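The values are calculated or read from the model by the stated rules, or taken from the named source; none is laboratory data. If you're wondering where the values come from, they're calculated on a predicted model, not measured in any experiment. So basically every Cβ, Gly included, is an ideal-geometry build from the backbone, and we count neighbours across all protein chains shown.
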Amino acid sequence: MYRKRSAQALVAMSALLAASANAAAPSAEEMWEIIQRQQAQIEALQAKLAQTEEALVETDVKVEATADLIEQSTLAEGAALSAASWAADTTLGGYAELHYNNLDNDRDGGSDKDQIDLHRFVLFLGHEFSEKTRFYSEFEIEHALVEGGEDSGEVEIEQAFIEHNFGGAQYMKAGLFLMPVGILNETHEPDTFYGTERNSVESRIIPTTWWEGGLAMNGEILPGLSYDAAFTSGLFLDPDEGQWSIRSGRQKVAEAKADDFAYTGRIKYTGVAGLELAATLQYQEDLYQGELDDSIDAILYEAHAVWQAGPFGLRALVASWDIDEGIEQFQTGASKQEGWYIEPSWRVFDKLGLFARYSEWDNQADGGGDTEYSQVDFGVNYWLEENVVFKFDYQIQDAPDGKDQYDGFNLGVGWSF
Amino acid sequence: MACRPARARAYLAGLVLVWLALVPAAQAEQYLSREDFLAGAFGAASPSVETLWLTADQRAAAEAVVGWAPGGLRTRYWREGERTAWILEHIGKEKPITLGVTVEGDSIVSVAVLAFRESRGWEIRYPFFTEQFDGLSLAGDGKLSGPVDGITGATLSVRAVERMARLALWLDAQVGS
């Protein structure tokens with residue numbers, strides 16, 4: 001009985017399912033319609049995708065074109081505006097250094113040197129006339145204050161020249177320019193050297209900062225080997241004042257006597273990273289510019305090496321004047337004026353460097369007497385920024401008998417831009 | 001010495017004139033063309049030219065890390081696989097230096113000076129200087145991972161090259177290798 005009912009229920013359920021299945025399944029025609037509709041949708045989507053891709057490409061092109069236009073119009077506007085164009089061709093820079101000297105004079109009765117001084121305030125101004133020709137100048141105020149007729153500060157034009165590039169690394173300068181000699185004479189921004197004050201050899205013998213008026217050429221001979229040649233105004237030692245020290249001969253191209261000239265040549269090798277080897281030879285026709293019956297000619301020999309290997313540095317320089325013996329009428333031994341120094345340094349880390357320097361110089365070296373100075377310096381530079389430096393150093397000087405002898409410390413802050 | 005000047009100066013003036021006549025034949029300031037730089041960077045391979053658009057945030061980040069971001073809205077570069085090549089310009093002392101930097105795997109493959117326009121410091125284009133950058137990467141503080149010895153008297157040009165090398169490494173990190 002139970003089995004019979006179950007079989008009947010099963011048959012009824014199967015019939016019901018079959019009927020239901022027959023009602024849900026589309027016919028072949030219906031299936032064809034569905035496929036066609038789906039195909040149309042796919043084609044519509046594909047068309048839309050193609051349009052989107054095309055629009056994307058167009059957008060890319062438009063964005064690039066817009067960027068081109070913006071960048072070009074920025075340049076064009078700059079070129080169109082004469083003021084902006086002038087500004088783009090004109091460069092401004094400068095440097096300054098403030099020094100505090102606390103130096104004791106070891107000689108009995110000698111005065112100490114305790115002073116604070118804005119030693120130099122300098123502005124560079126340059127203008128490019130074309131890609132090949134430019135003007136460059138350096139305007140300097142020394143010791144902050146200039147008073148008429150007073151022996152205080154100085155206003156100086158240390159550079160004012162036209163430079164022309166003949167192509168490649170071949171240049172000509174005409175005007176007033178720094179002499180190609182020594183380490184500091186051409187590169188003396190305070191953040192580029194150790195020690196508050198410039199070293200005495202490059203002040204008393206070379207004599208930095210040294211500029212003359214005339215014509216100069218410089219360029220590359222071989223990879224790493226370059227030359228400088230200069231035809232310039234000469235030094236002038238005033239016989240009426242009995243001058244004999246080389247440093248006092250700088251005329252600074254201020255209504256300078258030009259009876260006699262100077263010829264300078266330098267060879268420099270910089271073919272290894274961190275290394276500079278250079279030698280300068282200069283001939284002065286007459287240090288007294290024809291004021292004496294006989295001319296007093298002179299030759300300067302200078303050579304130096306700069307070596308920077310990682311954190312370790314070394315500077316060494318020797319300079320010597322060989323002067324006609326006629327100069328001895330003003331000062332015994334002055335026909336030879338010479339000096340040298342050596343300066344090792346260690347950049348302990350990026351912002352801090354230590355140095356030591358030993359120097360000797362003598363402006364009466366041909367006299368045989370006690371005329372030689374020597375000095376030991378040691379100290380630290382701290383670079384607050386790449387171009388902003390604080391300096392501290394201590395100096396121990398050994399001066400000839402009867403001359404001021406200064407020991408003590410110097411502090412400085414300097415910057416360039 | 002009384003016989004000196006006039007004749008010697010005339011000779012000197014003559015020498016100067018001869019020199020002036022000869023020097024215009026000297027080489028141009030462009031040392032390497034873009035094509036030659038890319039040929040050196042990628043060899044026979046044909047790199048794709050791509051563009052990196054720098055957002056304000058990226059520009060600020062470059063300023064913070066490298067201390068400098070390039071001008072313009074975008075920077076073009078060349079890519080082949082993981083290797084990218086960048087041509088950048090930055091002022092040395094007064095004039096722009098054009099530098100090509102090839103980077104692969106976060107390290108510099110090579111640096112080449114395409115053009116140098118200053119009157120001092122042209123030594124930066126020689127291999128003894130540029131080869132110091134090979135293999136260097138960007139350290140955590142944004143500096144290069146190794147020391148680079150400079151050129152005496154060309155401090156600003158050397159700094160400009162270092163800065164461009166650091167920027168190329170930073171840009172390469174932005175586009176992913």
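Mind counting the residues in the stretch A:194-207 that are buried (at least 22 other Cβ atoms within 10 Å of the Cβ), part of a loop (DSSP other than H, G, I, E, B) and out of contact with any strand residue (DSSP E or B) (no Cβ under 6 Å at 6 or more places or on another chain)?
1
Counting just the residues of the stretch A:296-305 that are at the interface with another protein chain (Cβ under 10 Å from one of its Cβ atoms) and surrounded by fewer than 22 Cβ atoms within 10 Å (Cβ to Cβ), which one comes out nearest to A:A169 (Cα to Cα)?
A:A305
Among the residues in the stretch A:263-272, are any within 21 Å of the chain's Cα centre (by Cα), over 27 Å from A:F378 (Cβ atoms) and of a type in the set (K, R)? Steps first, answer last, please.
Here is the first cut: in the stretch A:263-272, the residues within 21 Å of the chain's Cα centre (by Cα) are A:266-272.
If we keep only those that are over 27 Å from A:F378 (Cβ atoms) too, we end up with A:266-272.
From the residues that got through so far, the ones that are of a type in the set (K, R) too are A:266, A:268.
Scanning the stretch A:263-272 turns up at least one residue that is within 21 Å of the chain's Cα centre (by Cα), over 27 Å from A:F378 (Cβ atoms) and of a type in the set (K, R).
Among the residues of the stretch A:257-274, is there at least one that is of a type in the set (G, A, S) and in contact with a Lys or Arg (Cβ under 7 Å, 6 or more places away or on another chain)? Write out each step before concluding.
Here is the first cut: in the stretch A:257-274, the residues of a type in the set (G, A, S) are A:258, A:262, A:265, A:271, A:273-274.
Going one step further and asking which of them are in contact with a Lys or Arg (Cβ under 7 Å, 6 or more places away or on another chain), we end up with none.
The answer is no, given that none of the residues of the stretch A:257-274 is of a type in the set (G, A, S) and in contact with a Lys or Arg (Cβ under 7 Å, 6 or more places away or on another chain).
So, in the stretch A:124-178, exactly how many residues are in a strand (DSSP E or B) and either over 22 Å from the mean Cα position of the chain (by Cα) or at positive phi (or both)?
Going through the stretch A:124-178, the residues in a strand (DSSP E or B) turn out to be A:124-128, A:133-142, A:154-165, A:170-178.
From the residues that got through so far, the ones that are either over 22 Å from the mean Cα position of the chain (by Cα) or at positive phi (or both) too are A:154-155, A:175.
Residues in the stretch A:124-178 being in a strand (DSSP E or B) and either over 22 Å from the mean Cα position of the chain (by Cα) or at positive phi (or both): 3 in total.
Looking only at the stretch A:208-247, count every residue that is in a loop (DSSP other than H, G, I, E, B) and within 14 Å of another protein chain (Cβ to nearest Cβ) and tell me the total.
Looking only at the stretch A:208-247, we keep the residues that are in a loop (DSSP other than H, G, I, E, B), and these are A:208-210, A:223-224, A:234-238, A:242-245.
With within 14 Å of another protein chain (Cβ to nearest Cβ) added as a condition, the list becomes A:223-224, A:234.
Here the count works out to 3.
Looking only at the stretch B:55-74, which residues are touching a residue at least 40 places away in the same chain (Cβ under 8 Å), within 20 Å of B:T102 (Cα to Cα) and either charged (D, E, K, R) or outside any loop (DSSP other than H, G, I, E, B) (or both)?
B:A62, B:V65, B:V66
Answer yes or no: is there a residue in the stretch B:162-171 that is of a type in the set (F, W, Y), over 16 Å from B:G92 (Cβ atoms) and more than 12 Å from chain A (Cβ to nearest Cβ). Full working, then the answer.
In the first step, residues of the stretch B:162-171 are kept if they are of a type in the set (F, W, Y); the result is B:170.
Okay, now just the ones that are also over 16 Å from B:G92 (Cβ atoms), so B:170.
Narrowing the set further to residues that are more than 12 Å from chain A (Cβ to nearest Cβ) leaves B:170.
Within the stretch B:162-171 (the criterion being of a type in the set (F, W, Y), over 16 Å from B:G92 (Cβ atoms) and more than 12 Å from chain A (Cβ to nearest Cβ)), the answer is yes, since at least one residue qualifies.
Evaluate the following for A:D260: is it touching a helix residue (DSSP H, G or I) at 6+ places or on another chain (Cβ under 8 Å) and free of Cβ contacts under 8 Å to residues at least 40 places away in the same chain?
Values: touching a helix residue (DSSP H, G or I) at 6+ places or on another chain (Cβ under 8 Å): yes; free of Cβ contacts under 8 Å to residues at least 40 places away in the same chain: yes.
Against the criterion (touching a helix residue (DSSP H, G or I) at 6+ places or on another chain (Cβ under 8 Å) and free of Cβ contacts under 8 Å to residues at least 40 places away in the same chain), A:D260 qualifies.
Inspect the stretch A:131-152 for any residue being buried (at least 18 other Cβ atoms within 10 Å of the Cβ), among the small types (G, A, S) and either more than 18 Å from A:G94 (Cα to Cα) or at pLDDT below 95 (or both) and give the result as yes or no.
Scanning the stretch A:131-152 turns up no residue that is buried (at least 18 other Cβ atoms within 10 Å of the Cβ), among the small types (G, A, S) and either more than 18 Å from A:G94 (Cα to Cα) or at pLDDT below 95 (or both).
Could you tell me which of the residues A:D370, A:D322, A:D404, A:D393 is in contact (Cβ under 8 Å) with a residue 12 or more places away in the chain, assigned to a loop (DSSP other than H, G, I, E, B) and touching a strand residue (DSSP E or B) at 6+ places or on another chain (Cβ under 7 Å)? Walk me through how you get there before you give the answer.
Numbers: A:D370 fails: touching a strand residue (DSSP E or B) at 6+ places or on another chain (Cβ under 7 Å); A:D322 fails: assigned to a loop (DSSP other than H, G, I, E, B); A:D393 fails: assigned to a loop (DSSP other than H, G, I, E, B).
Every option except A:D404 fails the conditions.
When the stretch B:114-127 is examined, which residues are found to be buried (at least 18 other Cβ atoms within 10 Å of the Cβ), at the interface with chain A (Cβ under 10 Å from one of its Cβ atoms) and more than 13 Å from A:G168 (Cβ to Cβ)?
Passing the criteria: B:R120, B:G121, B:E123, B:I124, B:Y126.
Out of B:L22, B:L52, B:L32, report the one residue that is at pLDDT below 80 and either more than 14 Å from the chain's Cα centre (by Cα) or part of a loop (DSSP other than H, G, I, E, B) (or both).
Values: B:L52 fails: at pLDDT below 80; B:L32 fails: at pLDDT below 80.
Sole residue among the options that is at pLDDT below 80 and either more than 14 Å from the chain's Cα centre (by Cα) or part of a loop (DSSP other than H, G, I, E, B) (or both): B:L22.
Answer yes or no as to whether A:A174 is modelled with pLDDT of 95 or more, within 14 Å of chain B (Cβ to nearest Cβ) and surrounded by fewer than 22 Cβ atoms within 10 Å (Cβ to Cβ). Spell out the reasoning first.
On the way: modelled with pLDDT of 95 or more: yes; within 14 Å of chain B (Cβ to nearest Cβ): yes; surrounded by fewer than 22 Cβ atoms within 10 Å (Cβ to Cβ): yes.
Yes; evaluated as a whole, the condition is true for this residue.
Taking the stretch A:248-266 as the region of interest, how many residues are crowded, with 17+ Cβ neighbours inside 10 Å and either within 11 Å of another protein chain (Cβ to nearest Cβ) or under 30 Å from B:E162 (Cα atoms) (or both)?
Residues in the stretch A:248-266 being crowded, with 17+ Cβ neighbours inside 10 Å and either within 11 Å of another protein chain (Cβ to nearest Cβ) or under 30 Å from B:E162 (Cα atoms) (or both): 4 in total.
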